[in-house]
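Here the structure is laid out as structure tokens; the discussion comes afterwards.
The values are calculated or read from the model by the stated rules, or taken from the named source; none is laboratory data. Quick caveat, the model's predicted, so the values are computed rather than measured. Cβ sites come from the backbone with ideal geometry, for glycine too, and all protein chains shown count toward neighbours.
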């Protein structure tokens, strides 16, 4: 199943297409912006433009009709290497086996995205580990199989995991970003660019990807998600806040976050023992998973109360505290600690 078309970001697309057409496109780019705005889809659009046989007749864009474009849109082009964070279900005994396991996990993930192109964020445990870097370097050494160049997309690049004893591979990746082979373009994406190593940031050209207008989000919801009710569209668009990825959260996940938020608020209203018990009950590895879902559910409830005019000053303060906690969670700070501090803060506010 081909991936959906790229929605919005015309300004960036025009600049990138112009750079390709004039031969001035940097070989190492970082697309940075809020989660869910379409950074990786934009990276795939750029990869399609780079390997296209026609390139829009000199306009620097993919034609969408040639073999190369079709292969990119089906996530099957041999020269477009999309690396996403993966979670390994088993461990390899040696470095070569670990690389094999990463290649297998990446293959499974891309196969799943071919079947379901509208995918959700990776799990909280998924990462780019040192075996992923080694696999990337192996593929970097290959000559293009079909196109004139290779494109490497490193999605959620902030999940690169530093590892003791892996300096050689890390240094090789930095060297590759600084001086890519002539036939290679790197496109990194990141929601939290400052979480990347300064040495990586110094080797890429940073491109800011902004949130989308509500009108674009509404068109996506209608065309790609099949939403018909204007009320449903309006509600989902408002919740998305300019991020298409927010439209793709499953109802079960949203419901789970709302239920967890209710339990959290009940704990906040109880005694300190109950608050700390709830905080300690959070899984330490789910800062970006279930814990973030709970915070999102809590934000939705507080915003509803703010719109209803309920004790506005305290509700606004509570929203600010939850937003701060959510930022910490996205930095993978221990959710038990964040939950305990937030519970005490909210108990003091008691909205």
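Count, please, the residues in segment 309-318 that happen to be surrounded by fewer than 18 Cβ atoms within 10 Å (Cβ to Cβ) and in contact with a helix residue (DSSP H, G or I) (Cβ under 7 Å, 6 or more places away or on another chain). Spell out the reasoning first.
Within segment 309-318, the subset surrounded by fewer than 18 Cβ atoms within 10 Å (Cβ to Cβ) is 309-314, 316-317.
Next, only the ones that are in contact with a helix residue (DSSP H, G or I) (Cβ under 7 Å, 6 or more places away or on another chain) stay: 312, 314, 316-317.
So the answer is 4.
Exactly one of these conditions fails for residue 17: (1) more than 18 Å from the chain's Cα centre (by Cα); (2) part of a helix (DSSP H, G or I); (3) closer than 25 Å to residue 135 by Cβ. Give me its number.
For residue 17, the failing item is (3).
Scanning for something without any contact (Cβ under 8 Å) to a residue 40 or more places away in the chain, part of a loop (DSSP other than H, G, I, E, B) and under 20 Å from the mean Cα position of the chain (by Cα), does segment 197-211 turn up at least one residue?
Initial filter on segment 197-211 (without any contact (Cβ under 8 Å) to a residue 40 or more places away in the chain): 197-199, 202.
Subset that is part of a loop (DSSP other than H, G, I, E, B): 197, 202.
When the remaining residues are screened for being under 20 Å from the mean Cα position of the chain (by Cα), the result is 197.
Yes - at least one qualifying residue is present in segment 197-211.
Inside segment 226-236, can you point out the residues that are surrounded by 15 or more Cβ atoms within 10 Å (Cβ to Cβ) and closer than 17 Å to residue 6 by Cα? Show your work before the answer.
If we filter segment 226-236 for residues that are surrounded by 15 or more Cβ atoms within 10 Å (Cβ to Cβ), which is where we start, we get 227, 233, 236.
Selection gives nothing.
Out of curiosity, is residue 15 surrounded by fewer than 21 Cβ atoms within 10 Å (Cβ to Cβ), under 23 Å from residue 204 (Cβ atoms), in the same structural domain as residue 141 (by TED's automatic domain parsing) and at pLDDT 95 or above?
Details: surrounded by fewer than 21 Cβ atoms within 10 Å (Cβ to Cβ): yes; under 23 Å from residue 204 (Cβ atoms): yes; in the same structural domain as residue 141 (by TED's automatic domain parsing): yes; at pLDDT 95 or above: yes.
So residue 15 fits the description; yes.
Tally time: how many residues in segment 20-40 are part of a helix (DSSP H, G or I) and either in the same structural domain as residue 217 (by TED's automatic domain parsing) or touching a residue at least 60 places away in the same chain (Cβ under 8 Å) (or both)? It would help to see each step written out before you state the result.
Of all residues in segment 20-40, those part of a helix (DSSP H, G or I) come to 20-21, 39-40.
In the following step, the residues that additionally are either in the same structural domain as residue 217 (by TED's automatic domain parsing) or touching a residue at least 60 places away in the same chain (Cβ under 8 Å) (or both) were identified as 39-40.
So the count comes out to 2.
Is it the case that some residue within segment 271-291 is assigned to a loop (DSSP other than H, G, I, E, B), modelled with pLDDT of 85 or more and out of contact with any strand residue (DSSP E or B) (no Cβ under 9 Å at 6 or more places or on another chain)? Show your work before the answer.
As a first pass, look at segment 271-291 and keep what is assigned to a loop (DSSP other than H, G, I, E, B): 271, 281-289.
Of the ones still in play, those that are also modelled with pLDDT of 85 or more are 271.
Now restrict to residues that are out of contact with any strand residue (DSSP E or B) (no Cβ under 9 Å at 6 or more places or on another chain): 271.
So far as segment 271-291 goes, yes, one or more of its residues are assigned to a loop (DSSP other than H, G, I, E, B), modelled with pLDDT of 85 or more and out of contact with any strand residue (DSSP E or B) (no Cβ under 9 Å at 6 or more places or on another chain).
Do you know which residues across segment 248-264 are surrounded by fewer than 19 Cβ atoms within 10 Å (Cβ to Cβ) and at pLDDT 75 or above? First the steps, then the outcome.
Pass one, segment 248-264, residues surrounded by fewer than 19 Cβ atoms within 10 Å (Cβ to Cβ): 248-256, 258-259, 262-263.
248, 258, 259, 262, 263 - these are the residues of segment 248-264 that are surrounded by fewer than 19 Cβ atoms within 10 Å (Cβ to Cβ) and at pLDDT 75 or above.
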